Amino acid sequence: MAEGQPHLTDALPLTGTRILASEQYGAGPYGTMFLAQLGAEVIKIEPPKGGDSARGAGPFYLGENDSLFYQTFNLNKRSLTLDLRVAEGQAIFRKLVTTAHAVTNNARGDLPAKLGLTYDALKDINPAITCVHASAYGRAGERASWPGYDYLAQAEAGFMSVTGAPEDPPTRFGLSMVDFMTGTMLATATLAGLMEARATGIGRDWDISLLDAALHQTSYPALWYLNEGFVTGRAPRSAHPSVTPSQTFRTADGWVFVMAQLPKFWAILADAIGAPHLKDDARFATIPARLENREALTVILDGIFLQHPTAYWVVGLGGKLPVAPVFAIDQALDNPRVADMIDTVTHADKPDGLRILANPIKRDGARLPNRASPKLGADTDAILGEIGLDAQDIAELRAAGTV
């Protein structure tokens, strides 16, 4: 496109795509939030009593049935309360499916079939429907009915054996990374399914599990073991398992992470910290030698880095070799370099606005637009009206507890 030429449309790429999401807590909502931020109409289906369990997750609440935890995963969505366990709820759901392009869920593996969320259950009313399932252990096998969470997947997939210091007990990630990975994979599968269905007119089931997602993220240590029998363990200072110096170092006021993994960066580091003689030291002259003598090298480099604060080293080394300060959460979020990752949206219970994290994806250099996560059932009447129910119908369904 020529410079200055206007776009044919400024609509977000998934505008016009309707996704029904029977979801709660983390993995499923995280993935569909990406789709909503990219323009999809994500209708979040919640139990009439209490809604998504994330709404009650503390410690910080925003009025009734709302919390900062819930707001984290449900931006840009619509909320429909609907009991899928009763015939009346199923009838409404199936009518909505005729208007939708995809159905997603992160239910326990045995529940999608029971709740009518599978392609087999829906293909007769919408042959092009894409059905995406994110469970703990999959929808088949002896553990399909097992409940499961992120931390369990971290434990079983080996994450806890490679996280933390060697002398520590098994240690999980500080964040629920398996939920986020699985949610992102759910979004990817949904996009793939939508493309296929639009090309062929036929949908299908797509599956991802927390355990499979976690195991896939073991990546190169997995291939090291599968092909060479090598079991990766934990290294001190959060170090890279096979290259050094690539780890944390103490500074006068904290920590800095330096990744001089390539030979050129090792040479630059030695010169930049005023220790060019280290390049000629036989203990550190090659990658294997530096790895073998990592403990001795750490002592030497600590002695140098301790002479100045973290900011001094980041300024001095930044742009010359890979380096970053080791920040706490508050420092990370107050960092002016990432200010555009913080957005503020309107929220009824936050008069000054609700500060949220922006989507990491940029389009033409701009962040994607956001609006606050919906109140429980905020869109129920409107959505039911769109499929032909009138006020009396909705009142009767509400009295019966169906919505």
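The values are calculated or read from the model by the stated rules, or taken from the named source; none is laboratory data. Bear in mind the structure is a predicted one, so any value in this text is a computation, not a measurement. With ideal geometry, Cβ positions are generated from the backbone for all residues, glycine too; neighbour counts draw on all protein chains shown. Areas reflect the complete protein model, heavy atoms only, side chains present, ligands, DNA and RNA absent. Shrake-Rupley method; radii C 1.70, N 1.55, O 1.52, S 1.80 Å.
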(request) For residues that are among the aliphatic types (A, V, I, L, M), in a loop (DSSP other than H, G, I, E, B) and surrounded by 14 or more Cβ atoms within 10 Å (Cβ to Cβ), tally how many sit in region 354-403. (result) 7
(request) Would you confirm whether any residue within region 326-335 is among the β-branched types (V, I, T), over 30 Å from A270 (Cβ atoms) and open to solvent by less than 60 Å² (accessible area, probe 1.4 Å)? (result) no
(request) Looking at (1) of a type in the set (S, T, N, Q); (2) without any contact (Cβ under 8 Å) to a residue 40 or more places away in the chain; (3) open to solvent by less than 20 Å² (accessible area, probe 1.4 Å), find the lone condition where N227 falls short. (result) (3)
(message) Within region 184-195, does at least one residue satisfy the condition of being in contact (Cβ under 8 Å) with a residue 12 or more places away in the chain, of a type in the set (S, T, N, Q), open to solvent by less than 50 Å² (accessible area, probe 1.4 Å) and under 26 Å from E41 (Cα atoms)?
(response) yes
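A quick yes/no check of all residues on (1) assigned to a loop (DSSP other than H, G, I, E, B); (2) at pLDDT 95 or above; (3) under 36 Å from the mean Cα position of the chain (by Cα):
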| residue | (1), (2), (3) |
| --- | --- |
| V231 | yes, yes, yes |
| P241 | yes, no, yes |
| Q247 | no, yes, yes |
| V256 | no, yes, yes |
| W266 | no, yes, yes |
| H277 | no, yes, no |
| G303 | no, yes, no |
| L321 | yes, yes, yes |
(request) Would you check if there is a residue in region 275-284 being open to solvent by less than 60 Å² (accessible area, probe 1.4 Å) and in contact (Cβ under 8 Å) with a residue 24 or more places away in the chain? (result) yes
(message) Six or more apart or on different chains, Cβ atoms under 9 Å: show the pairs whose first residue is in region 342-369 and closer than 19 Å to L38 by Cα and whose second is surrounded by fewer than 11 Cβ atoms within 10 Å (Cβ to Cβ) and not acidic (D, E).
(response) D364/H7; R367/P360; R367/I361; L368/I361
(message) Can you find, within region 196-218, the residue that is surrounded by the most Cβ atoms within 10 Å (Cβ to Cβ) among those that are hydrophobic (A, V, I, L, M, F, W, C) and touching a strand residue (DSSP E or B) at 6+ places or on another chain (Cβ under 8 Å)?
(response) L210
(request) Take region 158-183 and flag every residue that is open to solvent by less than 10 Å² (accessible area, probe 1.4 Å) and among the small types (G, A, S). (result) G183
(message) Among the listed residues A189, A153, identify the single one that is touching a strand residue (DSSP E or B) at 6+ places or on another chain (Cβ under 6 Å) and in a helix (DSSP H, G or I).
(response) A189
